[in-house]
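Okay, structure first, notes after.
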Amino acid sequence: MGGTPEMETVVGREELELLDQQDPLDSFREQFLLPDGVLYLDGNSLGPLPVGATERAAEVVTTEWGQGLIRSWNSAGWFEMPTRLGDKLGRLLGANPGETVVTDTTSLNLFKALASALRIQQVDGPGRRVIITERDNFPTDIYIAEGLADLLNSVGAESGTTYEVKLVDNESELRAALGGDTAVVSLSHVNYRTGSMWDMAAINEAVHQAGALAIWDLAHAAGAVPVELNASNADYAVGCTYKYLNGGPGSPAFIWVNARHQDRFWQPLSGWWSHAAPFEMAQSYAPANDVRRFMCGTQPITSMAMVETGLDISLSADMNLLRAKSLELTDLFIELVETRCAGYGLTLVTPREHAQRGSHVSFQHPGGYAIMAALIDRGVIGDYREPEVLRFGITPLYLSRTDIWDSVEILREVLHTGSWQREEYSVRNAVT
Ligand SMILES: *Cc1c(COP(=O)(O)O)cnc(C)c1O
């Protein structure tokens, strides 16, 4: 497709092809099974299938379950799997061994982290009853905070206890909201919709200066951007393994708890897997003095086993190279959309500043849903988020510069021909 003069870009496909050939991360593409004819720009929502995952699944089901039966809790290392994988995952997050556990879902883990942080504040900062979070946070993060506040308020109704969820829109509002009543600040490191990223170290410092605790949701950050939980002095973190870590649909999430908090208070989902000695079958609860305290009950072993295959791929890649390529690809995507798709009403909602950008790029368009449906119909798989946002996950492990070029050319064709306005593309699916 030849560009008209105003659509001239500084790069062309041939140049990008040459750059791809010199890419030290190029070979990682072979570790994923992506269908032919698909340009997958949704790895921030559900990572693709790693090559080794099918074999590992068969092993867990056929050999470990089928042959090993209940013995596999010991002989196949099932019982240790949550902490063993937690330690592996922790290496991507700047965590020390013993601080991370793979367990439950992000929503549940956030509940546990919030509850634990509020318990600490009941001792360290009585009267601190405000949870600050972002209005633009992923909905579950707000819902869980609201649910916990509601539970505490209903329990404390007679004594007049009032926990409150306060929503802020940006960093200056956050700083202004921090005060003597703030118990905890719960933020998503990378915003699920816009891709904008907080400065974790700077926020932790401000939160601590105000006497509050910081919880980070790393759903769109783990495996996507360098994270330094200990160096930045965070208190708690949670996140998914099915997004950039390629653990498979609904694979269990993780929770990280700074070592200084781990044995201070137990969390309310005090199931037997969080007990100091689960198989003593003791009459009353005594929490484990380590991060196992943040588990609840029996873990989904078949699904959890899948996490390791994806994790091993991420661990074998150099995070600095991944970040550099992610920024290069997101820059390229923005530049190509803004030049080759100029004049079609797309507005960038992702920050241009590298330090403020995660690994996905979003554009707003009133016809966003239908445009994305038309793209998916042509093999360019991204997703749509309300309101009007086309979201493109730019994962450097398996995307190349030419993939970015080809995706934008298909977007250009969809916009240029107006084919997205066909009626079939406005029909809404249950999952977008
Ligand atoms: C994807 C995502 C979640 C998902 O939570 P689940 O419990 O796995 O459904 C939570 N928080 C954020 C910020 C997310 O992006």
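Every number in this text was worked out from the coordinates using simple rules, so none of it is lab data. Source: prediction; values computed, not measured. All Cβ positions, even for glycine, are placed from backbone atoms using ideal geometry, and neighbour counts span all protein chains on display.
How much net charge surrounds K88 when only the other residues with a Cβ under 13 Å from the Cβ of K88 are counted, with Lys and Arg +1 and Asp and Glu -1? For residues surrounding K88, the net value is -3. Across E386, E164, E409, mean-square fluctuation computed from a Gaussian network of the chain (C-alpha pairs under 10 Å connected) peaks at E386.
Calculated mean residue ellipticity at 222 nm for the chain: -10500 deg cm²/dmol, from DSSP H runs with n ≥ 4 weighted as -39500 (n - 2.57), summed, divided by the residue count and rounded to 500. Using a simple spin-label model with pseudo-atoms 7 Å out from Cα toward Cβ, V427 and A177 lie 4.1 nm apart. Kindly identify region 298-432 as rounded, prolate or oblate by the Cα gyration tensor criterion: order the square roots of the eigenvalues as a ≥ b ≥ c, call it rounded if a/c is under 1.5, otherwise compare a/b with b/c, prolate if a/b is larger, else oblate. In terms of gyration-tensor shape, oblate. Considering only G127, G66, G179, the Gaussian network model of the chain with Cα springs below 10 Å gives its largest mean-square fluctuation to G66.
Near D217, the amide H atoms lying under 5 Å from its own belong to L187, S188, H189, V238; only residues 5 or more places off or on other chains count, and H is placed 1.01 Å from N.
Taking other residues whose beta carbon is less than 10 angstrom from the beta carbon of L229, and scoring Lys, Arg as +1 and Asp, Glu as -1, yields -3. Each of the peptides 115-121, 286-292 was scored by the mean count of other Cβ atoms within 10 Å over its residues; in descending order, highest first, they stand as 115-121, 286-292. Over all other residues within a Cβ to Cβ distance under 12 Å of W420, the charged ones net out to -1, with Lys and Arg as +1 and Asp and Glu as -1. Let me make sure I get this right: for region 79-315, a, b and c are the square roots of the gyration tensor eigenvalues over alpha carbons, sorted descending. Under 1.5 in a/c it's rounded, otherwise prolate if a/b > b/c, else oblate. Which is it? Note, shape of region 79-315 comes out oblate. Note on region 155-222 and region 52-82: Cα centroid distance 39 Å, given to the nearest whole angstrom.
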